[in-house]
């Protein structure tokens, strides 16, 4: 991971090395959808490379292809043009090394916390005894002790997110694809979940692509922030966020560098937001 | 206010009014009276006729219910996961669905005679459509994102069916089953009224034929009791199979 950090903090020199060892690469990727016979472009000319262990946040107005990016990494749909390369191979079909988490937690309401976390392990065919141990471990990891037998309907929003996170980590995907997972949570809870996510992803050396609408969140979590804009959307800026890997999200609020970065992002985003607003009016 | 006491008060008022007005105000020939009906009902119980006739109706209803529900769930799952087949069969299913199923009774009498089979088939036909349509909707309503997320975990079609599609559809299946209980009784009772010498429908028809108003009411009471019993059984099975829904109703509504 120090390699990744160096690559980010010294972008110019290390670029070639970074490409060679990248875990995820987008090469000239465009995606269009056909809606009622009319092709509509969602994103175009995306070039991107992400290192293993990097946390990349993605911001931009709605409808500029942020979620499309995640879906293409997951292999849920293929690019119309260009290539998505994962670990040196073109993504073709469902990419089992990625895990997906969206705004809704997608827990199965008919299974309790243990049952939900068990789903990916059952699919893998893990023996029952081993499964029980692994689930206990995960429950401890996300701090859900005492709620093993609760159904999702009995849990608060934050606990449901924790359960979903535990399920995501259960099958140990290399890359976590997160599509505004904490958008529906209140500010305090969101900060706690952010802290957990950073702690866990660093500890388990996960690569994370995190889509958000919240610029503060993008700065707080990312090693790097991709700014999307336009319809069809593309990456208009790739901002390094040199706040260090072991950052304390609660303390960040007092860090002038954090405020500087948030301010810069706002300044950069505002024109594109204005454009979008005008575009909607027209 | 205690709901139970309130209900009891309404109940007593209703029956007292009925009892007192039967005779002085209304001809008992048409309305009978609660005491007379109770006596008749007691007579039916003592003579064992209630259980012999009721038993027949229960067997018809349950057999029809199980047959119709099983086929309905099966076809619902199959068509729900196979859009092409659903589209191909749509006109046929819609035509049969739009037919009042009771209208099929004469045909079933011709095919299966006036025995117990005809009532079972009639009941099954009615139950089938309610359960099939609900199961189908349930399967179609399964969250697509949910399925994709499981696919990312490496799930294959059989994993999806057993872990998501069926458990998710089961709530709809139960809506269908609960709806079906009174309709299943329609199948059995109408079948018995039309052609039979056994069953609660026959008891009803027989009493009416003898202008025995109290007997008619007593048979109606027995049918109501049966319907409530079946409804309670379905609910019990529901809470057994879906424990996650159990305390949903107890919680205060929140948005």
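Out of the stretch A:73-83, which residues are away from chain B (no Cβ under 11 Å) and either at pLDDT 90 or above or out of contact with any strand residue (DSSP E or B) (no Cβ under 6 Å at 6 or more places or on another chain) (or both)?
A:78, the sole residue that qualifies.
Applying the criterion of at least 2 residues that are more than 20 Å from the chain's Cα centre (by Cα), over 17 Å from residue B:146 (Cβ atoms) and at the interface with chain B (Cβ under 10 Å from one of its Cβ atoms) to the helices (runs of 4 or more DSSP H) found wholly in the stretch A:99-184 leaves A:113-124.
Among the residues making up the stretch A:252-269, those that are in a helix (DSSP H, G or I) and either surrounded by 12 or more Cβ atoms within 10 Å (Cβ to Cβ) or touching a helix residue (DSSP H, G or I) at 6+ places or on another chain (Cβ under 9 Å) (or both) are A:252, A:257, A:258, A:259, A:261, A:262, A:263, A:264, A:265, A:266, A:268, A:269. When residue A:90 is tested against (1) away from every other protein chain (no Cβ under 13 Å); (2) touching a strand residue (DSSP E or B) at 6+ places or on another chain (Cβ under 6 Å); (3) touching a residue at least 40 places away in the same chain (Cβ under 8 Å), just one condition goes unmet, and that condition is (3).
Only a single criterion out of (1) surrounded by 13 or more Cβ atoms within 10 Å (Cβ to Cβ); (2) at pLDDT 85 or above; (3) over 21 Å from residue A:69 (Cβ atoms) is not satisfied by residue A:217, namely (3).
Given B:116, B:73, which one is touching a residue at least 24 places away in the same chain (Cβ under 8 Å) and under 28 Å from residue B:202 (Cα atoms)?
Testing whether each residue is touching a residue at least 24 places away in the same chain (Cβ under 8 Å) and under 28 Å from residue B:202 (Cα atoms) leaves just B:116.
Would you confirm whether or not the stretch A:232-246 contains a residue that is closer than 20 Å to residue A:177 by Cβ, touching a residue at least 60 places away in the same chain (Cβ under 8 Å), outside any loop (DSSP other than H, G, I, E, B) and under 15 Å from the mean Cα position of the chain (by Cα)? No, the stretch A:232-246 has no match at all. The condition of being modelled with pLDDT under 80 and either within 23 Å of residue A:214 (Cα to Cα) or part of a strand (DSSP E or B) (or both) does not hold for residue A:28.
Can you pull out every residue in the stretch A:232-251 that is crowded, with 17+ Cβ neighbours inside 10 Å and farther than 21 Å from residue A:194 by Cα? Across the stretch A:232-251, the qualifying residues are A:232, A:233, A:234, A:235.
Of all residues in the stretch B:199-208, exactly one satisfies the criterion of being closer than 22 Å to residue B:22 by Cβ and either surrounded by fewer than 16 Cβ atoms within 10 Å (Cβ to Cβ) or out of contact with any helix residue (DSSP H, G or I) (no Cβ under 7 Å at 6 or more places or on another chain) (or both), namely B:208. Every test in (1) out of contact with any helix residue (DSSP H, G or I) (no Cβ under 8 Å at 6 or more places or on another chain); (2) in a loop (DSSP other than H, G, I, E, B) is passed by residue A:96 save one, and that test is (1).
The values are calculated or read from the model by the stated rules, or taken from the named source; none is laboratory data. These numbers come from a predicted model, not from an experiment. With ideal geometry, Cβ positions are generated from the backbone for all residues, glycine too; neighbour counts draw on all protein chains shown.
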